[in-house]
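Asker: I have a structure I would like to understand better, so I am pasting it below and will then ask my questions one at a time.
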Amino acid sequence: MSDTSENNLDVWKQFSHLFTRKTVAPKAVLLNEGEVSKNAYFLEKGCLRLWFNHDGKDITFQFFFEGEGVSSIESFKTGEPSLFTIETIEACELIVIRKNDFQTIMDSSPAIKKEIEHHIFKRLMYYQKLFLGRIRDNPEKRYHELLENYPHILQRVPQHYIASYLGITPVSLSRIRNRR
């Protein structure tokens, strides 16, 4: 761990009173599509997914695991309704912060603000790759990239969510997996 990371950890600890811990069961909804996000979450343990409704079908577009933060950032920042639902896949242990408390931290600590901006930039790059992959690559190529780059997803996430993430049916996913 670098000195900067250690210093930021100390800065985060100064604000520990603004966070709450929460244990959530599998398949629990933390935020519904169309609601305004009032909280941001940090996963200490567990797995969750982001999904949206498209003509009555849920489309998974992202998974989060231990050590990652998650929120409907555009809703959290602007007060607009969320474009997606945040739902647990496994039982989760979360650290939760309310929007006003988050803003207090951002206003009080340039180091944490810089760290958050870095995190948001990384998310933007991830979404850019996801978007381009959906346009450029066929489902089989997307599956093999998932297998190569994110094998933990295939080990922990139910197949029907993976199929949804890849934009295919569970039957098509099964065929792709059998071609290995």
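The values are calculated or read from the model by the stated rules, or taken from the named source; none is laboratory data. In this text, all values refer to a predicted model and were calculated from it rather than measured experimentally. Note: ideal-geometry Cβ built from the backbone for every residue, glycine included; neighbour counts use all protein chains shown. Heavy atoms of the whole protein, side chains included, go into the accessibility calculation; ligands, DNA and RNA do not. Shrake-Rupley method; radii C 1.70, N 1.55, O 1.52, S 1.80 Å.
Asker: Rounded if a/c is under 1.5, else prolate if a/b beats b/c, else oblate: with a ≥ b ≥ c from the C-alpha gyration tensor eigenvalues square-rooted, which is segment 83-180?
Answerer: Verdict is prolate for segment 83-180.
Asker: Amide H neighbours of residue 34 under 5 Å, at least 5 residues apart or on other chains, H built in the peptide plane: list them.
Answerer: Those qualifying (amide H under 5 Å, at least 5 residues apart or on another chain) are 82, 83, 84.
Asker: What accessible area per residue comes out for the chain, rounded to a whole number of Å², with a 1.4 Å probe?
Answerer: The answer is 61 Å² per residue.
Asker: Just how far, in whole angstrom, is segment 16-60 from segment 65-101 if you go by their alpha carbon centroids?
Answerer: Computed from Cα coordinates, the inter-centre distance equals 5 Å.
Asker: R0 = 30 Å: FRET efficiency of residue 174 with residue 149, Cβ-based, nearest 0.05?
Answerer: Plugging the Cβ-Cβ distance into 1/(1 + (r/R0)^6) gives 0.90.
Asker: Explain nothing, just compute: Karplus ³J(HN,Hα) = 6.51 cos²θ - 1.76 cosθ + 1.60, θ = phi - 60°, for every residue of segment 92-104 in order, whole Hz, x for Gly and Pro.
Answerer: 10, 10, 10, 10, 10, 9, 7, 4, 4, 5, 4, 5, 4
Asker: Got a sec to turn the phi values of segment 144-158 into Karplus ³J(HN,Hα) couplings, 6.51 cos²θ - 1.76 cosθ + 1.60 with θ = phi - 60°, whole Hz, x for Gly and Pro?
Answerer: After applying 6.51 cos²θ - 1.76 cosθ + 1.60, I find 5, 5, 5, 4, 6, 8, 9, x, 4, 5, 5, 7, 10, 9, x Hz.
Asker: Here's another thing I want to ask about it. List the residues, sorted by chain then number, that are 5 or more residues from residue 62 or on another chain and whose placed amide H is less than 5 Å from its amide H.
Answerer: Under 5 Å from the amide H of residue 62 lie the amide H atoms of 50, each far enough along the sequence or on another chain.
Asker: Sticking with this one: Of all the accessible heavy-atom surface of the chain, with the other protein chains kept in place and a 1.4 Å probe, what percent is carbon and sulfur?
Answerer: Carbon with sulfur: 55 percent of the solvent-accessible area.
Asker: Please give the calculated 222 nm ellipticity per residue for the chain, where each DSSP H segment of at least 4 residues contributes -39500 (n - 2.57) and the sum is spread over every residue; nearest 500 deg cm²/dmol?
Answerer: About -15000 deg cm²/dmol.
Asker: Per-residue HN-Hα couplings for segment 12-26, Karplus 6.51 cos²θ - 1.76 cosθ + 1.60 at θ = phi - 60°, whole Hz, x for Gly and Pro?
Answerer: Ordered by residue, 3J(HN,Hα) equals 4, 4, 4, 10, 4, 5, 8, 9, 10, 9, 8, 9, 10, 6, x Hz.
Asker: If you take the charge dipole of the chain about its Cα centre, with +1 on Lys and Arg Cβ and -1 on Asp and Glu Cβ, which of 167, 104, 76 is farthest toward its positive end?
Answerer: Highest projection toward the positive end goes to 167.
Asker: Another question, then. Taking the Cα centre of segment 26-180 as origin, sum charge times position over the Cβ atoms of Lys and Arg (+1) and Asp and Glu (-1), and report the length of that vector in debye to the nearest 20.
Answerer: Using only the charged Cβ atoms, the result is roughly 580 debye.
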